[in-house]
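Inspection log for the structure reproduced underneath, given as structure tokens.
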Amino acid sequence: MPLSRPGALLTELSHALPDRPFEVRLWEGSLLPSTTGDDAPVPTFVAHSPRAIAHALYAPGQLGLSRAFVSGELEIHDFEALARLLRTWSPPPLDAAAKRRLAVAAVKAMGLQGPPRVPDAELQPAGLRHSLRRDSRAVRHHYDLSNAFFAHFLDPSMTYSCAIFETPEQPLEAAQANKQETVCRKLELAPGMRVLDVGCGWGAFALHAARNHGVHVTGITLSGEQAAEARRRVAQAGMTDQIEIRVQDYRELGGERFDAVSSIGMVEHVGAVNIDAYARTLANALEPGGWLLNHGIARLRHGDPEAGPFSERYVFADAAPLHLSRILRAIEAAGLAVRHAEGYPEHYARTLTRWVENLESDLEEAERLVGAERLRVWRLYLRGARNGFESGFMSVFQVRARKPA
């Protein structure tokens, strides 16, 4: 650690953040204590080496902190306490002089350090945003991670979207089946109908709809890993005559027509630039009189940014939840009549809590499946997403719309 002098950094942090419900510990053992003055758990941020500071200095803001965390140079003790911190605490504004003092102290703490290595888990998408090629790469970065890893924290149906709980205590698998049936009911499915499932994942909705309603389902996904596992599950259920799984973009559907269209947890990946084309494509895929059920996350606050660097680089590259009003406008402009919209934010928060519990039940196995960097991402991402639903930053909506007969 050449010429590293960390002591001044904690001093400047204590001046800049006089009220801080967290602790900071540096590599040589020095500690900046919490100021809460009670026994409530607080998160501890542990910088394991000057490289943690280097990440923050060479990429200021959320990106540098994300790189320090994902690389393991910055460790977080007590993720649940961190989740509470993110909900309840905001840093005070700093004037230019305070920022300069912090920067000088950070440089002294870093010592002679070049730019640290960017974590392997980071994706920096190339090409035109929301082009076919770039969208495919972004989706594969998230969903081709490991089928076994997703099975580790999802319910046995491998449904990766908001469950609908009849009671807070209902098991996750039953709540997911309830969500699948809710979608089927809103689509008014009947035996023999042809259904398009956009963003079909591992085939959970397709299997439920075909098994319980006698429909024929075409599921599309951009993830080759998802498609392979979905096909395996369809074959295992003996339903290959009713379900087809394709690796296909919704923009490649051509002139195919269906009696009903479901899109569950996919609209978040479309983006503002393509939302109108997305709605037109799904409307064109419907037979007259057919129903669309669009289930997706939407932002609630106007003026907030779409996503920060942590999500953009490590979780959902290019994902951009839109406002419900924008989604409704696109659906209506495509010629569909919106009949019903329903929000389920508390259900998604509960779903994410169950996923966190499943993930944390065997962290050693989770790390074996995806490695330490990706596991750090997911431990933070799932809790951050839950915070978003609990704080009113975002919600999840089902929009039911019909094509005129």
Which pairs have Cβ atoms under 6 Å, sit 6 or more apart or on different chains, and link a residue in region 7-26 that is over 14 Å from residue 91 (Cα atoms) and free of Cβ contacts under 8 Å to residues at least 12 places away in the same chain to one that is of a type in the set (Phe, Trp, Tyr) and assigned to a loop (DSSP other than H, G, I, E, B)?
none
Residue 44 vs. criteria within 26 Å of residue 363 (Cβ to Cβ) and either free of Cβ contacts under 8 Å to residues at least 24 places away in the same chain or among the polar types (S, T, N, Q) (or both)
yes
Filtered residues of region 238-269 (kept if buried (at least 22 other Cβ atoms within 10 Å of the Cβ), in a loop (DSSP other than H, G, I, E, B) and without any contact (Cβ under 8 Å) to a residue 60 or more places away in the chain)
none
Of residues in region 131-150 being outside any helix (DSSP H, G or I) and either of a type in the set (S, T, N, Q) or not assigned by TED's automatic domain parsing to the domain that holds residue 321 (or both), the one modelled with the highest pLDDT:
146
Quick check on this structure: which one of 275, 220, 243 is under 20 Å from residue 134 (Cβ atoms) and out of contact with any Asp or Glu (no Cβ under 8 Å at 6 or more places or on another chain)?
275
For residues that are in a strand (DSSP E or B) and surrounded by fewer than 18 Cβ atoms within 10 Å (Cβ to Cβ), scanning just region 24-47, find the one that is farthest from the chain's Cα centre (by Cα).
31
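Would you say residue 190 is out of contact with any strand residue (DSSP E or B) (no Cβ under 6 Å at 6 or more places or on another chain) and either loosely packed, with under 14 Cβ neighbours inside 10 Å or part of a loop (DSSP other than H, G, I, E, B) (or both)?
Numbers: out of contact with any strand residue (DSSP E or B) (no Cβ under 6 Å at 6 or more places or on another chain): yes; either loosely packed, with under 14 Cβ neighbours inside 10 Å or part of a loop (DSSP other than H, G, I, E, B) (or both): yes.
So residue 190 passes the test.
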Please determine, by comparing only the residues of region 294-352 that are within 17 Å of residue 280 (Cβ to Cβ) and in a loop (DSSP other than H, G, I, E, B), which one is modelled with the lowest pLDDT.
322
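Going by the conditions given, is residue 119 in a loop (DSSP other than H, G, I, E, B) and under 30 Å from residue 228 (Cβ atoms)?
Details: in a loop (DSSP other than H, G, I, E, B): yes; under 30 Å from residue 228 (Cβ atoms): yes.
Criteria met by residue 119.
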Write out, first by first residue and then by second, each pair whose Cβ atoms fall under 6 Å of each other, whose residues are 6+ apart or on separate chains, and whose first residue, in region 298-314, is assigned by TED's automatic domain parsing to the domain that holds residue 376 and farther than 20 Å from residue 390 by Cβ while the second is small (Gly, Ala, Ser) and outside any helix (DSSP H, G or I).
314/121
Pick out the one residue from 254, 201 that is in the same structural domain as residue 141 (by TED's automatic domain parsing) and modelled with pLDDT under 95.
254
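Just for region 356-405: of the residues that are assigned to a helix (DSSP H, G or I) and among the basic types (Lys, Arg), which one is farthest from residue 122 (Cα to Cα)?
386
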Does residue 283 fit the bill of being within 20 Å of the chain's Cα centre (by Cα) and either among the small types (Gly, Ala, Ser) or part of a loop (DSSP other than H, G, I, E, B) (or both)?
no
If you check every pair at least six apart or on different chains, which have Cβ atoms under 6 Å apart with a residue in region 213-229 that is in contact (Cβ under 8 Å) with a residue 24 or more places away in the chain and of a type in the set (Ser, Thr, Tyr) first and a residue that is outside any helix (DSSP H, G or I) and surrounded by fewer than 21 Cβ atoms within 10 Å (Cβ to Cβ) second?
218/244; 223/144
For residue 391, indicate whether it is in the same structural domain as residue 148 (by TED's automatic domain parsing), in contact with a Leu (Cβ under 9 Å, 6 or more places away or on another chain) and among the polar types (S, T, N, Q).
yes
Would you call residue 165 surrounded by 19 or more Cβ atoms within 10 Å (Cβ to Cβ), in a loop (DSSP other than H, G, I, E, B) and modelled with pLDDT of 95 or more?
yes
If you take the residues in region 270-290 that are touching a strand residue (DSSP E or B) at 6+ places or on another chain (Cβ under 8 Å) and surrounded by fewer than 22 Cβ atoms within 10 Å (Cβ to Cβ), which one is nearest to residue 123 (Cα to Cα)?
283
List the number of the failed condition for residue 277; all other conditions in (1) under 20 Å from the mean Cα position of the chain (by Cα); (2) in a helix (DSSP H, G or I); (3) among the small types (Gly, Ala, Ser) hold.
(1)
Within region 197-235, which residues are over 21 Å from the mean Cα position of the chain (by Cα) and among the hydrophobic types (A, V, I, L, M, F, W, C)?
206, 207, 209, 210, 215, 217, 228, 234, 235
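The values are calculated or read from the model by the stated rules, or taken from the named source; none is laboratory data. In this text, all values refer to a predicted model and were calculated from it rather than measured experimentally. Cβ sites come from the backbone with ideal geometry, for glycine too, and all protein chains shown count toward neighbours.
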